[in-house]
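Data first, discussion second: the structure below is written as structure tokens.
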Amino acid sequence: MNQAWLRIVLLTAGIAAMAVGGAMEAVRWLDTFSGEICIGVGRDERVALREPETNRVPFSLGRTPVLRNTPLESIPFQTPSVSADNLDDSKKYDALVLPFSIRLKRAMPLGGGKSHDELRITEPEGERTVEIAPGKTVELDGVTYQLEAIRPWSGLIRESSGTPMALIALRKGEEAWTEGIFLMADAWRRVEPSIGLRLQWSGSEEAANATVDIGLPGIESARWGVVDGNAMNWFESFAPNDGAELANGTTIHLLRVDEQHAGPSSPRPAIEVEWTEAGQTRQEWVNANTADNAASVRFEYPARLDTVLLICAISEQRALLAMYDHGKLLGRETIPTGSSWKPAAATFEVRLDQALERAVAVPASETKLFEAVLKSPSGIFRAREGEAARQGDALVQLVRRTRPPDVKYELAIIGKDPKHERPLTLGPGDTVRYDNCRLSLASPCAEPLRTAVLHVEYAPSRAWPRLLLAAALALLVWVAMHPSRPATAIDIRSIRTS
């Protein structure tokens with residue numbers, strides 16, 4: 001084989017090796033997993049997550065066992081509660097179980113964490129942003145409001161499959177407001193001491209007035225029940241002889257209802273029931289609305305509580321309220337949401353915070369949202385995160401500009417032998433490599449002193465594709481540095497013939 005052919009062979013081999021090595025490196029890149037892992041203080045975790053990537057090959061070409069497009073409840077976390085607190089359970093994720101666990105030993109604050117709050121106000125003239133703090137004032141639709149507080153939010157959110165609901169607050173005299181009282185349409189709610197509340201979604205002023213004109217409902221709004229072991233049997237019928245046989249063979253039935261049964265202080269509604277047990281029969285009077293959870297028979301008649309409040313929602317912006325004291329009407333008034341009302345002779349004041357025709361209730365214990373509470377002479381206005389509330393011609397939304405504190409984490413890598421740990425520390429800007437994995441800090445969660453969020457980049461180690469690329473490159477360089485030499489020309493005139 002002459003030198004030219006040797007160069008062609010070597011050049012072809014180098015290009016082929018370069019192509020094969022590049023292809024294997026591409027496969028290695030496809031096999032790389034980049035995601036995040038959440039770890040609580042004192043906890044271990046080994047599952048890293050990422051949102052499904054639509055532009056990647058839908059299967060793994062290498063050795064990385066990725067769980068693709070998986071619901072949160074199907075991912076094998078070591079500490080599911082930590083991940084549940086920091087992830088959206090309505091989404092699906094790609095997940096990788098790392099060949100080691102990471103333990104978060106300690107979180108050390110480094111400072112920072114400054115924040116401020118703003119109101120984003122959209123008006124016909126345009127949008128403006130106002131920085132707020134307790135005590136500051138802001139003008140909304142020509143009315144001056146003072147910020148009372150920024151606090152955890154609880155309230156109603158719109159839901160197409162929800163039910164008509166209202167949110168109210170009550171207070172006695174000058175005491176603090178009792179807030180977060182949720183009412184569901186056509187259902188009674190009792191709050192102590194002896195207050196009955198009922199919401200009806202009227203939908204018009206005429207219907208609301210017609211409801212209040214009727215007055216308080218009668219015995220049809222009451223119910224009675226009997227305890228049967230751990231169960232409670234409720235009856236809405238007050239026909240004589242209605243009742244039940246209990247699991248122990250005892251029978252109980254209703255004898256009669258007396259709306260004006262003699263009581264210790266004044267007549268009050270009561271029912272008489274008859275017990276038959278082991279062949280023995282006895283009668284018992286049960287007074288309405290007695291707060292005794294140990295009683296075997298209970299009689300609930302909320303329309304006859306000491307104070308009764310009827311709320312007839314006309315729209316989401318206003319409602320007709322009627323308040324009664326021992327059955328006597330104290331007053332009726334139509335008020336807008338955010339306003340309070342107290343009849344002249346009433347003991348309690350009521351504030352209508354929200355009314356939605358299709359809603360679900362969100363108590364403060366179930367949300368991480370905050371709200372700004374603004375007060376004016378005309379009432380209370382609440383603006384929360386995530387939704388713009390209307391005040392006249394203005395839409396108002398609370399925006400929290402919060403920067404979590406910088407944190408340094410003390411961690412430990414736990415491999416196949418749990419007795420041997422590799423300690424490491426990660427702070428802002430740090431990167432640590434372990435095995436086939438590179439770790440750094442990701443964007444912090446809401447509580448970075450309780451939970452660390454690490455960025456994980458995992459790639460299985462394969463040295464030989466890179467060795468092949470290096471050898472191919474070296475071969476091509478050698479060929480380039482050793483060009484073929486042209487053949488030496490022979491001058492035929494210099495050849496003498498004999």
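Summary table
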quantity: Filter result for SER443 (over 32 Å from the mean Cα position of the chain (by Cα), small (Gly, Ala, Ser) and under 30 Å from ARG120 (Cβ atoms)); calculated: no
quantity: Residue list for the range 84-110, restricted to those being among the charged types (D, E, K, R) and in a strand (DSSP E or B); calculated: LYS92, ASP94, ARG103, LYS105, ARG106
quantity: Near pairs, Cβ below 9 angstrom, 6+ apart or cross-chain, from the range 326-348 (touching a residue at least 60 places away in the same chain (Cβ under 8 Å) and of a type in the set (Lys, Arg)) to any residue that is open to solvent by less than 80 Å² (accessible area, probe 1.4 Å) and assigned to a loop (DSSP other than H, G, I, E, B); calculated: ARG332/PRO343
quantity: Unmet criterion (only one of (1) over 30 Å from the mean Cα position of the chain (by Cα); (2) surrounded by fewer than 20 Cβ atoms within 10 Å (Cβ to Cβ); (3) of a type in the set (Gly, Ala, Ser)) for ALA176; calculated: (1)
quantity: Yes/no for ALA19 being open to solvent by less than 60 Å² (accessible area, probe 1.4 Å), at pLDDT below 85 and part of a helix (DSSP H, G or I); calculated: no
quantity: Single residue of the range 300-319 satisfying the filter (in a strand (DSSP E or B) and under 33 Å from the mean Cα position of the chain (by Cα)) that is farthest from GLY225 (Cα to Cα); calculated: ARG318
quantity: Among the residues listed as ILE168, ILE157, the single one being crowded, with 20+ Cβ neighbours inside 10 Å, part of a strand (DSSP E or B) and among the aliphatic types (A, V, I, L, M); calculated: ILE168
quantity: Close pairs (8 angstrom Cβ cut-off, 6 or more residues apart or separate chains): without any contact (Cβ under 8 Å) to a residue 60 or more places away in the chain in the range 186-209, of a type in the set (S, T, N, Q) and not in a helix (DSSP H, G or I) anywhere; calculated: ASP186/GLN200; VAL191/THR178
quantity: Residue within the range 205-214 that is at negative phi, out of contact with any His (no Cβ under 8 Å at 6 or more places or on another chain) and outside any helix (DSSP H, G or I) present; calculated: no
quantity: Candidate set from the range 426-437 (those that are over 31 Å from the mean Cα position of the chain (by Cα) and either β-branched (Val, Ile, Thr) or not in a loop (DSSP other than H, G, I, E, B) (or both)); member that is nearest to SER34 (Cα to Cα); calculated: CYS437
quantity: Failed condition for THR276, given (1) under 47 Å from the mean Cα position of the chain (by Cα); (2) over 18 Å from ARG298 (Cβ atoms); (3) surrounded by 12 or more Cβ atoms within 10 Å (Cβ to Cβ); calculated: (1)
quantity: Any chance THR347 is β-branched (Val, Ile, Thr) and more than 36 Å from the chain's Cα centre (by Cα); calculated: yes
quantity: Filter pass, ALA149 being open to solvent by less than 40 Å² (accessible area, probe 1.4 Å), of a type outside the set (Ser, Thr, Tyr), on the phi < 0 side of the Ramachandran plot and touching a Ser or Thr at 6+ places or on another chain (Cβ under 7 Å); calculated: no
quantity: Residue in the range 118-141 that is closer than 18 Å to THR337 by Cα and open to solvent by 80 Å² or more (accessible area, probe 1.4 Å) present; calculated: no
quantity: Filter result for ALA383 (modelled with pLDDT under 95, touching a strand residue (DSSP E or B) at 6+ places or on another chain (Cβ under 8 Å), in a strand (DSSP E or B) and open to solvent by less than 20 Å² (accessible area, probe 1.4 Å)); calculated: yes
quantity: Out of ALA222, ALA176, sole residue that is without any contact (Cβ under 8 Å) to a residue 40 or more places away in the chain and out of contact with any Cys (no Cβ under 9 Å at 6 or more places or on another chain); calculated: ALA176
quantity: Matching option when the condition is out of contact with any His (no Cβ under 6 Å at 6 or more places or on another chain), in contact (Cβ under 8 Å) with a residue 60 or more places away in the chain and of a type in the set (A, V, I, L, M, F, W, C), among ALA278, ALA288; calculated: ALA288
quantity: Among (1) basic (Lys, Arg); (2) touching a residue at least 40 places away in the same chain (Cβ under 8 Å); (3) assigned to a strand (DSSP E or B), the one test that LYS368 misses; calculated: (3)
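The values are calculated or read from the model by the stated rules, or taken from the named source; none is laboratory data. Everything quoted here is computed from the prediction, not taken from an experiment. With ideal geometry, Cβ positions are generated from the backbone for all residues, glycine too; neighbour counts draw on all protein chains shown. With ligands, DNA and RNA removed, areas are computed over all heavy atoms of the protein, side chains included. Shrake-Rupley method; radii C 1.70, N 1.55, O 1.52, S 1.80 Å.
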